[in-house]
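Below is one structure, written out as structure tokens, with a few remarks after it.
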Amino acid sequence: MFDPSFFSSLLQVILIDLVLAGDNAVVIGLAAAGLAPDLRRRAILIGILAATGLRIFFALITTQLLSLGGGLLIAGGVLLLYVCWKMYRELTVSHAEEGEATEALSEADHNADGTVAGKAPKKTLRQAVIQIIIADVSMSLDNVLAVAGAAQHHFEALIFGLALSVVLMGVAATFIARLLHRFRWIAWIGLIMILFVAIRMGLEGLGAFITIPEIPLLYTPHAAGVVAAH
């Protein structure tokens with residue numbers, strides 16, 4: 001039977017997937033904004049395909065690593081804290097820059113200035129693709145870690161979250177990027193959720209080495225952690 005914690009984890013997973021898929025799409029759009037229209041479409045397609053493949057690859061590896069617990073959970077929590085910092089910096093990007101990214105993604109002149117992402121500095125396709133791939137590697141790992149941490153011990157929520165992240169990047173990334181551009185508060189809620197997951201993941205890891213008292217919503221002592229502490 002599904003318990004309340006399962007549905008709580010599932011909701012967290014869905015929100016994290018939405019925010020990180022849109023965030024990844026914006027980064028791809030920013031990188032491709034300085035290209036000519038035909039090259040821009042190719043760069044965006046390469047970026048989305050790469051992000052989708054990397055999510056699958058990291059999911060296969062990360063779920064195995066996190067199952068080992070302890071120090072790896074602590075490391076995952078620290079990495080997610082860094083993700084929160086990166087998201088905060090990206091959320092403080094000007095609306096003009098983010099607007100260019102969404103225009104590049106959708107090939108539409110949303111601000112009616114007569115150009116589509118025309119104010120970005122020019123670059124070559126190779127420069128844009130390298131920038132996109134580097135961002136994809138980092139953000140795909142971030143996404144898998146965040147989903148794994150939010151799912152906690154619910155394997156079904158984990159599988160659903162990883163599958164959803166692949167679908168969102170492959171199908172709805174552009175739409176979600178535009179949605180987050182219009183409703184910035186959704187991204188801020190996602191940032192808070194990832195921060196919550198990062199702290200909880202770190203506490204889970206520490207609990208394998210030291211005795212930590214129960215912290216409502218964040219940490220519940222497990223038998224394994226108590227044994228390890230003694």
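The values are calculated or read from the model by the stated rules, or taken from the named source; none is laboratory data. For clarity, every value in this text was computed on a predicted model and none was experimentally measured. Note that each Cβ is placed from the backbone with ideal geometry, even for glycine, and that neighbours are counted across all protein chains shown.
The rows are residues; the columns are (1) within 18 Å of Leu11 (Cβ to Cβ); (2) in contact with a Leu (Cβ under 6 Å, 6 or more places away or on another chain); (3) not aliphatic (A, V, I, L, M).
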site: Arg126; (1), (2), (3): no, no, yes
site: Ile159; (1), (2), (3): yes, no, no
site: Leu179; (1), (2), (3): yes, no, no
site: Glu204; (1), (2), (3): no, yes, yes
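Just to be sure, is Thr52 modelled with pLDDT of 80 or more, part of a helix (DSSP H, G or I) and crowded, with 17+ Cβ neighbours inside 10 Å? In short, yes. Of the residues making up segment 63-71, at least one is of a type outside the set (S, T, N, Q), modelled with pLDDT of 75 or more and part of a helix (DSSP H, G or I). Among the residues here, Phe175 qualifies as under 23 Å from Val27 (Cα atoms) and surrounded by fewer than 20 Cβ atoms within 10 Å (Cβ to Cβ).
How do the helices (runs of 4 or more DSSP H) wholly within segment 83-200 filter down when requiring 3 or more residues that are under 16 Å from Arg55 (Cα atoms) and either β-branched (Val, Ile, Thr) or at pLDDT 80 or above (or both): which remain? Before the answer, list the steps.
Details: elements: 95-106, 125-151, 155-167, 173-182.
Because the criterion is at least 3 residues that are under 16 Å from Arg55 (Cα atoms) and either β-branched (Val, Ile, Thr) or at pLDDT 80 or above (or both), the helices (runs of 4 or more DSSP H) in segment 83-200 that meet it are 125-151, 155-167.
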